[in-house]
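Trainee: Got a structure here, written out as structure tokens. Questions coming.
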Amino acid sequence: MRKNKPTLSRRKLLTSGVAAGGAALLGGAAPASAQAPSVVTRRRFKAWISRGTGAGRTTLHDVVLRPISGRQVVVRTEATNLCYSNVPAVLGFQPAPPPGATPSPLAIGSGVRQITQMAVIQGHGGIGIVEGVGPEVRRVRVGDRVLVSGTPQCGACYHCLRGRSDMCQFLSAIGADDLIPVADMSDGTPVFENSHIGGLAELMVTFEEWVVPVFSKAAAIDLGMVLSCVSVAGLGAALSPSLAPVEAGATVAIVGCGPLGLSAVQGARIAGASTIIAIDPIQVRREMARKVGATHVLDPHAEGSALVERVRALAAWPTDRLWSGGRNPAGRRPGAGADFVIEAAGADNAPSKLERSPDPTGVLAVQQAYQMCALGGHLITTSLVRGNISIPGTQFTIGGVTHHPGQAGGASPMRDVPKFVRLLEQGQYDAKSLATRVAPLERMLEAYEEVAYRTTITAIMTG
């Protein structure tokens, strides 16, 4: 009589660990998705270290890499954007908040440790090549080209599961107390990275959720531009389905033409907007906006208090006959205005050496952006301001403008980054025009000063 084969119950499967990795069914083999860790410990590399306060807080050092584990990934830096919002941390500039302003609840607190007393590699990630992975990493392999993203996407937290990976909950664990050392200085001082990603160094050591594979042979500088935190935010604000993607034939106003705003201009053009109004006080940026797709450019200084009405006039519909699909440009609830407004101005971190901003706090730009949006239109805000926003209450409550705030313009890294790479490869996104300064790692500080004083549109540091 033939013996019955032993059966595996669900309970046995779970307790034997098969459900966790499948090793029992595969005779003890590692799961197919796993890869052997690549160890690159004790390697020396150059890194810009920020600590202390004031000018001179960032200096170049040789540091030694610590062992990696778990979901950590080591990436050799090819190109990284020198983001304007990081100017205070890198150059030591610290503009005072306006009187009466309340601290933002989104500000990163210092906690028990003080970030100024720590040795920190600043930066917002960048493009590079994977040189080492921890044993739990599945998303990338050694040798892959990747983006170390300014926004993580774990795919498992509350917001990622609900389609808002721009709000991935791993963003809530980037304060001073959350950071872990990735290297050591020559005197044994532990070295940390801003937001677990860094960028201003020859290596970036991050976690799997911050890394996106980039299957492209495009030039590193071009990829560093289109996939910079600012370009992803600008393209995301115009194209990402997470917020309010620009519709074909729409009228779009972009307030602020730094690299984020100029990427939004390109996103609006790619989306098929018929009228693209770019607003910036700096002439060379208005000229660049025209080059990359704006149909109209406005100087807020020249327009003054008439700026909002000027945008409404440019967004005028061909008829005011309501029974014929028209808009009423006046009346109690006027319909004039831009269908989509993307605000990308933000506060000044340093006084511009070119034309100055009408409001260094960035508050006025947000208020005007809200007011120039059409009844039933969409306002996407992307910037960092200093102070509190004041908007007429009834306009806010029943005015019909839908406000979409979003980290990284609502972009979902794993979904949208490959699309943005395609836009670059197909010639739809102009990266070369926006990367107006390219500097090697050793000359990072002087390039960052150009960013701070607006004498360049974008600066890319190469590894």
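The values are calculated or read from the model by the stated rules, or taken from the named source; none is laboratory data. In this text, all values refer to a predicted model and were calculated from it rather than measured experimentally. Note: ideal-geometry Cβ built from the backbone for every residue, glycine included; neighbour counts use all protein chains shown. In case anyone asks, the SASA skips ligands and DNA or RNA and just uses the protein heavy atoms, side chains included. Shrake-Rupley method; radii C 1.70, N 1.55, O 1.52, S 1.80 Å.
Trainee: With the requirement that a residue be open to solvent by 10 Å² or more (accessible area, probe 1.4 Å) and not β-branched (Val, Ile, Thr), what does segment 181-192 give you?
Mentor: Passing the criteria: PRO181, ASP184, MET185, SER186, ASP187, GLY188, PRO190, PHE192.
Trainee: Right, next: Can you go through GLY331, GLY304, GLY293 and tell me which one is modelled with pLDDT of 95 or more, open to solvent by 10 Å² or more (accessible area, probe 1.4 Å), farther than 26 Å from GLN426 by Cα and of a type in the set (Gly, Ala, Ser)?
Mentor: Just one listed residue meets the conditions, GLY304.
Trainee: Quick one: in segment 365-416, of everything that is over 23 Å from LEU298 (Cα atoms) and hydroxyl-bearing (Ser, Thr, Tyr), which residue is least open to solvent (accessible area, probe 1.4 Å)?
Mentor: Among those residues, the one meeting the criterion is SER412.
Trainee: Still on this structure, I have one more. Do you know which residues across segment 38-93 are under 19 Å from ILE127 (Cα atoms), outside any strand (DSSP E or B) and among the charged types (D, E, K, R)?
Mentor: Of everything in segment 38-93, just one residue is under 19 Å from ILE127 (Cα atoms), outside any strand (DSSP E or B) and among the charged types (D, E, K, R), namely ARG71.
Each row is one residue, and each column tells you yes or no for (1) under 21 Å from VAL232 (Cα atoms); (2) in a loop (DSSP other than H, G, I, E, B); (3) in contact (Cβ under 8 Å) with a residue 24 or more places away in the chain; (4) open to solvent by less than 10 Å² (accessible area, probe 1.4 Å).
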{"site": "ARG422", "(1), (2), (3), (4)": "yes, no, no, no"}
{"site": "TYR429", "(1), (2), (3), (4)": "yes, yes, yes, yes"}
{"site": "SER433", "(1), (2), (3), (4)": "yes, yes, yes, no"}
{"site": "MET444", "(1), (2), (3), (4)": "no, no, yes, yes"}
{"site": "GLU450", "(1), (2), (3), (4)": "no, no, no, no"}
{"site": "THR455", "(1), (2), (3), (4)": "no, yes, yes, no"}
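Trainee: Among (1) without any contact (Cβ under 8 Å) to a residue 24 or more places away in the chain; (2) open to solvent by 20 Å² or more (accessible area, probe 1.4 Å), which single condition is LEU298 missing?
Mentor: (2)
Trainee: Then there is this: Among the residues of segment 380-389, count how many are of a type outside the set (A, V, I, L, M, F, W, C) and either more than 26 Å from the chain's Cα centre (by Cα) or in a strand (DSSP E or B) (or both). First the steps, then the outcome.
Mentor: Going residue by residue through segment 380-389, those that are of a type outside the set (A, V, I, L, M, F, W, C) are 381-383, 386-388.
Going one step further and asking which of them are either more than 26 Å from the chain's Cα centre (by Cα) or in a strand (DSSP E or B) (or both), we end up with 381.
Residues flagged as of a type outside the set (A, V, I, L, M, F, W, C) and either more than 26 Å from the chain's Cα centre (by Cα) or in a strand (DSSP E or B) (or both) within segment 380-389 amount to 1.
Trainee: Which one of these does VAL214 not meet: (1) over 22 Å from LYS419 (Cα atoms); (2) modelled with pLDDT of 95 or more?
Mentor: (1)
A quick yes/no check of all residues on (1) in a helix (DSSP H, G or I); (2) more than 22 Å from SER263 (Cβ to Cβ); (3) out of contact with any helix residue (DSSP H, G or I) (no Cβ under 8 Å at 6 or more places or on another chain):
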{"position": "PHE170", "(1), (2), (3)": "yes, yes, no"}
{"position": "PRO181", "(1), (2), (3)": "no, yes, yes"}
{"position": "VAL205", "(1), (2), (3)": "no, yes, yes"}
{"position": "VAL230", "(1), (2), (3)": "yes, no, no"}
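Trainee: Looking at (1) of a type in the set (Asp, Glu); (2) in contact (Cβ under 8 Å) with a residue 12 or more places away in the chain; (3) not in a loop (DSSP other than H, G, I, E, B), which is the one condition that is false for ASP348?
Mentor: (3)
Trainee: Sticking with this structure for a sec: Could you list, in sequence order, the residues of segment 362-375 that are farther than 15 Å from VAL246 by Cβ and assigned to a strand (DSSP E or B)?
Mentor: If the condition is that a residue be farther than 15 Å from VAL246 by Cβ and assigned to a strand (DSSP E or B), then LEU375 is the only one that fits.
Trainee: On to the next question. Working carefully through the options GLY267, GLY261, find the one that is in a helix (DSSP H, G or I), open to solvent by less than 20 Å² (accessible area, probe 1.4 Å), under 20 Å from TYR370 (Cβ atoms) and out of contact with any Pro (no Cβ under 6 Å at 6 or more places or on another chain).
Mentor: That would be GLY261, the only listed residue that is in a helix (DSSP H, G or I), open to solvent by less than 20 Å² (accessible area, probe 1.4 Å), under 20 Å from TYR370 (Cβ atoms) and out of contact with any Pro (no Cβ under 6 Å at 6 or more places or on another chain).
Trainee: If you go through segment 434-463, how many residues are over 20 Å from the mean Cα position of the chain (by Cα) and β-branched (Val, Ile, Thr)?
Mentor: Matching residues across segment 434-463 total 1.
Trainee: Suppose we keep only residues that are in a helix (DSSP H, G or I), over 21 Å from the mean Cα position of the chain (by Cα) and among the small types (Gly, Ala, Ser) within segment 270-313. Which one would you say is nearest to ARG454 (Cα to Cα)?
Mentor: Ranking the qualifying residues of segment 270-313, first place goes to ALA302.
Trainee: Moving on. For segment 193-224, give me each residue that is more than 20 Å from ASP166 (Cβ to Cβ) and buried (at least 24 other Cβ atoms within 10 Å of the Cβ).
Mentor: First pass over segment 193-224, keeping only residues more than 20 Å from ASP166 (Cβ to Cβ): 193, 198, 200-205, 215-224.
If the condition is that a residue be more than 20 Å from ASP166 (Cβ to Cβ) and buried (at least 24 other Cβ atoms within 10 Å of the Cβ), then GLU193, GLY198, LEU200, ALA201, LEU203, MET204, VAL205, LEU223, GLY224 are the ones that fit.
Conditions tested, residue by residue: (1) under 20 Å from ALA47 (Cβ atoms); (2) surrounded by fewer than 17 Cβ atoms within 10 Å (Cβ to Cβ); (3) at pLDDT 95 or above.
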position	(1), (2), (3)
GLN94	no, yes, no
ALA101	no, yes, no
VAL112	no, yes, no
HIS124	yes, no, yes
VAL130	yes, no, yes
VAL137	no, no, yes
VAL140	no, no, yes
CYS157	no, no, yes
